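Here the structure comes first, spelled out in structure tokens, and everything after it is commentary.
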Amino acid sequence: VQLVESGGGLVQPGGSLRLSCAASGTTFSLYNLAWPRQALGWQRELVARISRSGTIDYADSVKGRFTISRDNAKNTAYLQMNSLKPEDTAVYFCNAVLVPGSFGSWGQGTQVTVSS
């Protein structure tokens, strides 16, 4: 599966962004999807994930602020990010796996910068 993220940018603290992950080349509904992020100098962190059955998990740091969703008819996953904080600044990736825990497919990433 090929993945392309979009929707990143510069936003002020407290603002919102919606990231999209467009998939092509396969049966999107079979994949478990995740949004990891990596800030400069930090290890990659799993932000949110949604299984092919719709089970959702969030990192504690984003609970109540971020919402992950998927539209299998459009082959697209989303990450709605509200109440953004400077510590949310990172490159956000889309990851799709058939088997949980496997490496899977990755997009190129989209930069999110939260700054005044």
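Details
- Residues being farther than 16 Å from Val112 by Cβ, in a loop (DSSP other than H, G, I, E, B) and in contact (Cβ under 8 Å) with a residue 40 or more places away in the chain - total across segment 63-96: 1
- For Ser29, the stated conditions hold: it is out of contact with any Ser or Thr (no Cβ under 6 Å at 6 or more places or on another chain) and not in a strand (DSSP E or B).
Okay, residues lined up against (1) in contact with a strand residue (DSSP E or B) (Cβ under 8 Å, 6 or more places away or on another chain); (2) surrounded by 16 or more Cβ atoms within 10 Å (Cβ to Cβ); (3) farther than 16 Å from Gly104 by Cβ:
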{"residue": "Gly8", "(1), (2), (3)": "yes, yes, yes"}
{"residue": "Val11", "(1), (2), (3)": "yes, yes, yes"}
{"residue": "Ser16", "(1), (2), (3)": "yes, no, yes"}
{"residue": "Ser20", "(1), (2), (3)": "yes, yes, yes"}
{"residue": "Ser29", "(1), (2), (3)": "no, no, no"}
{"residue": "Ala39", "(1), (2), (3)": "yes, no, yes"}
{"residue": "Ala48", "(1), (2), (3)": "yes, yes, no"}
{"residue": "Arg52", "(1), (2), (3)": "yes, yes, no"}
{"residue": "Thr55", "(1), (2), (3)": "no, no, yes"}
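- Gly64 meets the conditions (1) at pLDDT below 95; (2) on the phi > 0 side of the Ramachandran plot in every case but one. The failed one is (1).
The values are calculated or read from the model by the stated rules, or taken from the named source; none is laboratory data. Every value quoted in this text rests on a predicted model; they were computed, and no experiment measured them. Using ideal geometry, Cβ is built from the backbone for each residue, glycine included, and neighbour counts are taken over all protein chains shown.
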